[in-house]
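Chemist: After the structure tokens below, expect a handful of questions from me.
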Amino acid sequence: MYPPAPYYAPPPPAYYAPPLMPPPPKRYSPWLVPLIFLVNLGLFIWIMYENNCPSRISKDQCMLGQYLDRFSFQPWKDNRMVGPTPETLQRLGGLDRKLVVDGEPWRLLSSMWLHAGLIHLFANMLSLDFVGLRLERDFGFHRFVFVYVLAGLGGNLASCLNIIKHDWSSKTISVGASGAIFGLLGASLSELITNWTVYDDKCSTIMILILNAALNLAIGFLLKMDNSGHVGGLVTGFFLGFVLFVKPQFGYVSSKYIPSYHQVKRTARHNFCQYFLGLLALVVLVILYGVGFGKLFNIKEIKEHLPDSVKNY
């Protein structure tokens, strides 16, 4: 007869625990970028309706006047973007530095929804789809809309300051979503930097973003467009990306995905560099917006007309 087999205690439950794996990154269904596209398209149709080229010149002189009638475009010699007159754009909310200072600051936001022509609209919406869909899919519409609008505001602010610096005519009208789209390019670059541990193939992605921005700036120079708005949007978006487009660092797992039997050292959600860059970018943004608005509205001149009690305060 054989002796009884020795008794072995079962190992603790943690011994059987599978390796801890982070959940897949959260993805959003993009709907804001298609909506922005439709809004810009609808506004351009409204602009052409209000422009009414046949009411200014003969229908034969208007581009496609025989087919589009009221919606026809101005002659090629008047607008090489295939669109309305500058007067129509100014009347409907185009960026005019003099009108902004004289009590219509809303033009800093309205002008980013208007376009100078069909070519202008097509180029901007193509760039928006190329950059914007990925950002909205990764970060959601709530962060995306802040970057889009604030970068567009920064671009328009830079455009106004450029007009003041060069003492251009008050008839200079600036429109378009280029500042906001360049802001998305800048935010894509800063997002890649601050989320460095998450991505693979980083160098090629950075090169693609830099080449894309450089190509768009070169096109702006060749077409004699207002590149100050592009640069202003690019810089603003670059700093906004450090603040709003931050992902959890590699190795972070939310506590709701960690079983109770796991006793592991948890990785912090964000690292020191992400916090530091975000705080630094926020300070720089406050300074840039403050200085920009101060120069645009000439704070020193306004202060001279204030009562002494307000000045002292």
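Chemist: Considering only the other residues whose Cβ falls under 13 Å of the Cβ of Leu35, what net charge follows from Lys and Arg at +1 and Asp and Glu at -1?
Modeler: -2
Chemist: If DNA, RNA and ligands are ignored and the probe is 1.4 Å, what is the ranking of Asp102, Asp60, Asp129, Asp96 by accessible area, most exposed first? Walk me through the numbers before you get to the answer.
Modeler: On the way: Asp102 100, Asp60 125, Asp129 60, Asp96 5 Å².
Largest accessible area first, the list is Asp60, Asp102, Asp129, Asp96.
Chemist: For the range 58-118, state which trypsin sites (Lys or Arg not before Pro) are in a DSSP loop and have at most 11 other beta carbons lying within 10 Å of their beta carbon.
Modeler: Lys77
Chemist: Let me ask something else about it. Which net charge results when you count Lys and Arg as +1 and Asp and Glu as -1 among the other residues whose beta-carbon is under 14 Å from that of His115?
Modeler: -1
Chemist: Keeping all protein chains in place, calculate the accessible area per residue for the range 93-220 (probe 1.4 angstrom), answer in Å².
Modeler: Details: 5420 Å² over 128 residues.
Heavy-atom SASA per residue in the range 93-220 reads 42 Å².
Chemist: If Lys and Arg each add +1 and Asp and Glu each add -1, what is the summed charge of the other residues whose beta carbon sits under 14 Å from the beta carbon of Glu104? Working shown, then result.
Modeler: Numbers: positive: Arg91, Arg97, Lys98, Arg107; negative: Asp96, Asp102.
Counting the neighbours of Glu104, the net charge comes to +2.
Chemist: I would also like to ask the following. Calculate the dipole size of the range 22-138 relative to its Cα centre from +1 charges on Lys and Arg beta carbons and -1 charges on Asp and Glu beta carbons; express the result in debye to the nearest 20.
Modeler: Numbers: 13 positive and 11 negative charges, 45 e Å.
So the magnitude is around 220 debye.
Chemist: Let me ask something additional. To the nearest 10 square angstrom, how much accessible area does Ile119 have with a 1.4 angstrom probe?
Modeler: Surface open to solvent at Ile119 totals about 80 Å².
Chemist: Sort Met207, Met125 by accessible area with a 1.4 Å probe, largest first. Write out the running numbers ahead of the final one.
Modeler: Numbers: Met207 105, Met125 5 Å².
Correct descending sequence by accessible area is Met207, Met125.
The values are calculated or read from the model by the stated rules, or taken from the named source; none is laboratory data. Source: prediction; values computed, not measured. Here the Cβ is made from the backbone with ideal geometry for all residues, glycine too, and neighbour counts use every protein chain on show. SASA here: full protein model, heavy atoms, side chains in, ligands and nucleic acids out. Shrake-Rupley method; radii C 1.70, N 1.55, O 1.52, S 1.80 Å.
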